[in-house]
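A.B. asks: Just passing along the structure, written as structure tokens.
Please treat every number below as a calculation from the coordinates, not as lab data. In this text, all values refer to a predicted model and were calculated from it rather than measured experimentally. Backbone-built Cβ (ideal geometry, glycine too); neighbour counts: all protein chains shown.
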Amino acid sequence: MFPTVQRMDAGMDLLHSSGVEMVQFLQLNYRDSQSWFTFISVAADLRNTFYVFFPIWFHLCEAVGVKLIWVAVIGDWLNLIFKWILFGQRPYWWVHETSYYGNLSVPVLEQYPITCETGPGSPSGHTMGSAGIWYVMVTAIVTSTFQKKQHCLRSWCLRAFLWGVFWVVQVCVCASRVFVAAHFPHQVFMGVISGMIVAEMFGRINAIYNISLKKYLQITLFLFSFALGFYLLLKVLGVDLLWSVEKAQRWCARAEWIHIDTTPFAGLVRNMGALFGLGLALNSPIYAESCKGKRGQQFCFRISCIVASLIVLHLFDSVKPPAQKELLFYFLSFCKSAAVPLAAVAIIPFSVSQVMNQQEKKVL
């Protein structure tokens, strides 16, 4: 048994050391691209799905918007469970704690303001979320294109272009996460594959488009209870699933680079809030009044809702919950996340509809 464990540890050390070499290679040869890699990591954050992609797609094609939320929430929830099971290391702390290098000098890895993620590293949440979201968007466009029965060659070229864009985006996200020393290469690869599997799975589940508020509440409570119960059970057994937070605090180059919104429970409550908010919005009477009637079919109304949603949600995103008290932060994060789909799906369309009604009355 023990020789097997030692071989596994040796294999992981070799894998991690190879990953560290890749981090050093990128940081040495692409140092001038730091701002680009930082931008890619920020853009790939799951927050942009809720604040940017969701309001756009929901008002262009409601089914795609709903699917985006489900893929983002369930994908990130699974990512949390996988991370708690796999106990993945991160490059920026692994190089300081491993005995792999022995008496040799420890490799020097640059750290950046977005390096110090506090959760375990495997699989990468950024790449898993990015792959899942872009997979949904690309398949939606491809499906729409083939429904229009365009010329075969033209359809094939468009399909090749879209999937080419998909893989370029994923390669950029993977490279950015390795560059900032937040992940090893195998972790970002696992994230991409996992994200695509989640997206493909939800492409085959039609039940998500007609769920009552009661079901949304039950699913939200189940996901939260399962994650919390899993954490408490292992804590009773002597396993602290928040072990990675202490490592981040010890090895991060600057204390101000550690943020509470990168902790495992912060992501959990954000996702639960978004899912509950979507259920609340889709089952609200003002959503049915504004989006399900004749008004909801008007292109001008849809575009107005998209523009208004992007502006309002951008301003809303700039308001950050206070981070001094954890429980208060988690509660306010849940409320804020729930308000995002509620605003984009119900409140803003209803307001836009009322404004357009008033304008039409003045014309008459």
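A.B. asks: Explain nothing, just the number: dipole magnitude of the range 181-297 about its Cα centre with +1 on each Lys and Arg Cβ and -1 on each Asp and Glu Cβ, in debye rounded to the nearest 20.
C.D. replies: So the magnitude is around 380 debye.
A.B. asks: Please work out the Cα convex hull volume for the range 227-346 and give it in Å³ per residue.
C.D. replies: Values: hull volume 15.3 nm³, N = 120.
In the range 227-346, the Cα convex hull volume per residue is 128 Å³.
A.B. asks: Evaluate the distance, in nm, between pseudo-label points positioned 7 Å from the Cα of Thr145 and of Asn210 along their respective Cα→Cβ axes.
C.D. replies: 3.1
A.B. asks: State which stretch of the chain is the longest one without any exposed trypsin sites (Lys or Arg not before Pro), exposure meaning a DSSP loop state and at most 12 other Cβ atoms within 10 Å.
C.D. replies: With a cap of 12 other Cβ atoms within 10 Å, the longest stretch comes to 1-147.
A.B. asks: Pairing the Cα long axis of helix 326-342 with the longest principal axis of the chain, what angle in degrees results, from 0 to 90 and rounded to the nearest 10?
C.D. replies: With rounding to tens, the tilt is 40 degrees.
A.B. asks: Sort by residue number and report every cysteine in the chain with no other cysteine beta carbon within a distance under 4.7 Å.
C.D. replies: Unpaired cysteines in the chain: Cys61, Cys152, Cys157, Cys172, Cys174, Cys291, Cys300, Cys305, Cys335.
A.B. asks: Given bins 20 angstrom wide, list per bin the percent of all Cα-Cα distances in the chain, short to long.
C.D. replies: Bin by bin from 0 Å, the calculated values are 26, 54, 18, 2, 0.
A.B. asks: Here's a follow-up. Rounded to the nearest 500, what is the 222 nm mean residue ellipticity of the chain from helices alone, with -39500 (n - 2.57) per DSSP H run of 4+ residues and division by all residues?
C.D. replies: The per-residue figure over the chain is -23500 deg cm²/dmol.
A.B. asks: Next question. Pairs of alpha-carbon atoms within less than 8 angstrom and 6+ residues apart define the contacts here; what relative contact order does the chain have, in percent?
C.D. replies: Contact order relative to length: 23 percent.
A.B. asks: Could you tell me, in Å, what Rg and Dmax come out for the Cα atoms of the range 275-354?
C.D. replies: So, for the range 275-354, Rg and Dmax equal 14.2, 47 Å respectively.
A.B. asks: Nothing charged except the Cβ atoms of Lys and Arg (+1) and of Asp and Glu (-1): what's the magnitude of the dipole of the chain about its Cα centre? Round to the nearest 20 debye.
C.D. replies: 1380
A.B. asks: Follow-up question, since we're still on this one. What dipole magnitude, in Debye to the nearest 20, does the range 51-197 give about its Cα centre under +1 on Lys/Arg Cβ and -1 on Asp/Glu Cβ?
C.D. replies: That gives the range 51-197 a dipole magnitude of about 620 debye.
A.B. asks: Further question on the same structure: With a Förster radius of 45 Å, plug the Cβ-Cβ distance of Ile81 and Ser155 into 1/(1 + (r/R0)^6) and report the FRET value to the nearest 0.05. Could the numbers behind the result be given before it?
C.D. replies: Details: r = 39 Å, r/R0 = 0.86.
About 0.70, to the nearest 0.05.
A.B. asks: Modelling each spin label as a point 7 Å along the Cα-to-Cβ direction, I'd like the Phe189/Tyr30 distance in nm, to one decimal.
C.D. replies: 1.6
A.B. asks: Here is a further query. What nm value, rounded to one decimal, do you get for the distance between His259 and Phe299 when each label is placed 7 Å out toward the C-beta?
C.D. replies: Distance between label points: 3.8 nm.
A.B. asks: Here's a follow-up. Given axes a ≥ b ≥ c from the Cα gyration tensor, I'd like to know whether the range 168-208 is rounded (a/c under 1.5), prolate (a/b larger than b/c) or oblate.
C.D. replies: On the way: a/c = 3.71, a/b = 2.79, b/c = 1.33.
Prolate is the answer for the range 168-208, as a/c is 1.5 or above and a/b outweighs b/c.
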